[in-house]
Every structure is written in C-alpha cells, then in structure tokens.
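Structure first, then comments.
What follows draws every value from the coordinates through simple rules; no lab data is involved. As the structure is a computational prediction, the values presented were derived from the model and not from experiment. Glycine also receives a Cβ, built like all others from the backbone with ideal geometry; neighbour counts cover every protein chain displayed.
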Amino acid sequence: RGPVFLNAVLVAAPTDWSVWYLSRWVMSNSKNQDYSTSASSWCTYCVLSSWFCAYALLRNYSNSLETLLLMISLCLVAPELLGNPDSKSSHNILRACLAFFIGGLSCSIRFTS
C-alpha cells in the first residue's frame, strides 16, 4: 500500500490544491466575494467526490503525473491568463517559461495530453 499512499500525498493532494487555486482565480473577477469562496469550495468538492478522478488518477502513475504537471503549469500562468491587474512583475516571463516547460514534461510523459 506504500506506492498508493505516496501517490496520494505527492500527486493527488497537489492536484486537488491546484483545482482549488485555479477556481479561486477564475472566480476572483466576481463582484460577490462570498460567491467566489463558495464556488471554489464547490469545485474542490466536485473533484474530491468524482469517481473518475479516483479511478483514473490511481489506475496508473503516468495519468496522475501527467495531470499533476499540467495543473501546476496552469497554476503558474493563471494570473496572466485570467487578467490579474497586480501581475505586472518581471517574473511573468520566468513563470511562463517554467509553465511551458512543465507542460512539455506533461506531454512527454503521455503525448495525448
């Protein structure tokens, strides 16, 4: 049961956190802050209770690693993609390069991503 536990801690938990983080960015443009918090909580609940994620992410390790790398790369470019006015820093190009590199790693693990 050791590899399943490691996969849950090192892959599934960061993937779920990434879903929460991205849903917070998507809903951050909403004028109602309570709606933003409840919508991100609802997205996280849907991912945690999804039978498909439980089946596909533990079925084989290439699916779960591909999903994790893709979600991390999306989290790195979320402020730029979703138009955060506070993201005018010099680290944007570095974050974008890192995100595309991680996304490329995701495609190299399983090229159908």
Report the calculated FRET efficiency for HIS91 and ALA39 (r = Cβ-Cβ distance, R0 = 30 Å), to the nearest 0.05.
-> 0.60
Any residue on another chain or 5+ positions along whose placed amide H is under 5 Å from the amide H of SER28 is listed here as none
Backbone HN-Hα couplings from phi across region 8-16 [Karplus 6.51/-1.76/1.60, Hz, Gly and Pro as x] = 5, 7, 8, 10, 5, 5, x, 5, 5
